1. Do we find a residue being away from the ligand (no atom under 15 Å from the Cβ), surrounded by 22 or more Cβ atoms within 10 Å (Cβ to Cβ) and under 24 Å from residue 332 (Cβ atoms) anywhere in segment 423-441?
2. Looking only at segment 19-56, which residues are part of a helix (DSSP H, G or I) and among the polar types (S, T, N, Q)?
3. With the checklist (1) assigned by TED's automatic domain parsing to the domain that holds residue 314; (2) farther than 27 Å from residue 79 by Cβ in hand, flag the one item residue 231 doesn't pass.
4. Within segment 288-307, identify whether any single residue is more than 16 Å from the ligand (Cβ to nearest atom), surrounded by 19 or more Cβ atoms within 10 Å (Cβ to Cβ), in a strand (DSSP E or B) and within 26 Å of the chain's Cα centre (by Cα), and answer yes or no.
5. Has segment 116-126 got at least one residue that is under 25 Å from the mean Cα position of the chain (by Cα), crowded, with 24+ Cβ neighbours inside 10 Å and part of a loop (DSSP other than H, G, I, E, B)?
6. Of the residues 43, 35, 7, which single one is over 27 Å from residue 142 (Cβ atoms) and open to solvent by 50 Å² or more (accessible area, probe 1.4 Å)?
7. Yes or no: residue 20 at pLDDT 95 or above, surrounded by fewer than 23 Cβ atoms within 10 Å (Cβ to Cβ) and outside the structural domain of residue 440 (by TED's automatic domain parsing)?
8. Looking at this structure, is residue 310 over 20 Å from the mean Cα position of the chain (by Cα) and not polar (S, T, N, Q)?
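The values are calculated or read from the model by the stated rules, or taken from the named source; none is laboratory data. All figures in this text were calculated on a predicted structure; none of them were measured in a lab. As a convention, Cβ positions derive from the backbone with ideal geometry for all residues, glycine included, and neighbour counts pool all protein chains shown. In case anyone asks, the SASA skips ligands and DNA or RNA and just uses the protein heavy atoms, side chains included. Shrake-Rupley method; radii C 1.70, N 1.55, O 1.52, S 1.80 Å.
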Amino acid sequence: MPTSPEILSFMVAGEWRSAGRELEPVFNPATGDTIAMLPHATIKDLDDALDGAEQGFEVWRKVSAFDRSKVLRGAADILRRGVSEIAARMTLEQGKPLAEARVETIVAADTFDWFAEEGRRAYGRVIPARYPGQRQITIRQPVGPVAAFAPWNFPAMGPARKIAAALAAGCSCIIKPSEEVPMTAIAIAKALEEAGLPKGVLSLVFGSPSQISTHLIASPIIRKITFTGSTAVGKELAGLAAQGAKRATMELGGHAPVLVFDDVDVDQVAQMAAMGKYRNAGQVCISPTRFYVMEPVLERFTQAFANVAKKLAVGNGLDESKQMGPVANPRRLQAMGQLIGDAVSHGAKVEAGGDRIGNQGNFWSPTVLSNVNSESNIMNLEPFGPVAVINPMSGLDDAIAQANRLPYGLAAYAFTRSNSNIIALGEGVDAGMIGINTLLVSSPEVPFGGVKESGYGHEGGIEGLDAFLHTKSISEM
Ligand code: NAD
């Protein structure tokens, strides 16, 4: 007999709620099956979360940084112990291969550890005074209750970066993770609860995204907004935050260029770049996407890259032999079809993939396009899926011009052995993060954020803590 899907809960000020709420199905993107039912928070629930955040802030800001750190470290340990179960749930709801889900869970735990430590180093300073007998100091204080909005592509890292930094700074936090991947976020909230986080300091809500964001951001209780998602939604939320003169961190879209010079080991770079491209089925805001390759090595690079794409094992992420899972939702399948169709109609050549795989689950074949016209949509809109475009470039100046031609400026990558190229690229490419001879640009210790329409502010690094602190100057006589 088929069992009915599990009914999940959301958490408001320490209380898990579900009864009587509207339910939304959560789907497994590999099968299309309904795996759980997610209750939506009502306006009353949101108001209770706001009251909880206001009261929780007064409690949590008075807990010493040393003791806050213990709670965060405790949560990190619980996440590590639960890695197998959390990763399995993440794969079920988001689709990524289990190996990727395990790494993400561990890095989420590392993020709690990093902020646990960094919260203890929220140093102020002593400023030499111009008046005799006066002392001038600055102290760092938590900005206040935070409204956080996390996306569906990184079910653990999305919420972890926001919650860990906010709590380490002494803020309370109401988070709305994506309704499409609620189970991982619920596991994080439970880990914090088990680690001893006082009630009210964290609430976790789901529902209609625009209703929740409008309601929370308009509340005078909320002092800081943090959002990760599309540029379009980010602009809307930044506008709402501005109406209340509230601080905001915006992690928005990207369209990362990869500049490949002809002085590198072409096969090795193509192999590494292709494996990076198809991580999380390309649904990564820093995914390497627009490849510009110098003419002498273009053909060889394209074929080596396409060979990796063709051989990639695509399938249900729960099967350990698979290297790429489905895309996370049918919207991405539709977007892939439209973007690739439009590119081909503008003259692009399909070097690998190009189609949906089967008709059950959201599987799209790892795709490589070459000779892609810069007018094509895929050269201008974030594809957010398993597709790479490969075009020629003539040299350093062209590389920088191509890299900077879009309104996005999140991640960029370059491969070259020339020291003068490395210096010029580091200075000249407009991006928040540049990987030179590496695709590894994101870790808990390193600031993560964009420029231009990719947003503003940082998560990770000491900057990630700063985002939740304000500086107060105190002059004493
Ligand atoms: P979308 O623009 O509708 O939503 C993007 C994210 O914002 C989702 O997580 C969604 O739940 C949330 N959201 C939407 N409207 C909101 C609102 N009014 N208030 C608060 N949150 C809201 O698109 P989508 O189909 O979910 O994703 C498509 C695009 O979003 C992708 O092509 C990609 O460009 C971008 N995206 C970026 C990231 C990132 O890491 N920067 C993550 C996910 C999606």
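1. no
2. The answer is 55, and nothing else.
3. The one condition residue 231 does not meet is (1).
4. Checked segment 288-307: at least one residue is more than 16 Å from the ligand (Cβ to nearest atom), surrounded by 19 or more Cβ atoms within 10 Å (Cβ to Cβ), in a strand (DSSP E or B) and within 26 Å of the chain's Cα centre (by Cα).
5. No.
6. Numbers: 43 fails: over 27 Å from residue 142 (Cβ atoms); 35 fails: open to solvent by 50 Å² or more (accessible area, probe 1.4 Å).
Every option except 7 fails the conditions.
7. Numbers: at pLDDT 95 or above: yes; surrounded by fewer than 23 Cβ atoms within 10 Å (Cβ to Cβ): yes; outside the structural domain of residue 440 (by TED's automatic domain parsing): yes.
Here the answer is yes, as residue 20 does meet what is asked.
8. So residue 310 fits the description; yes.
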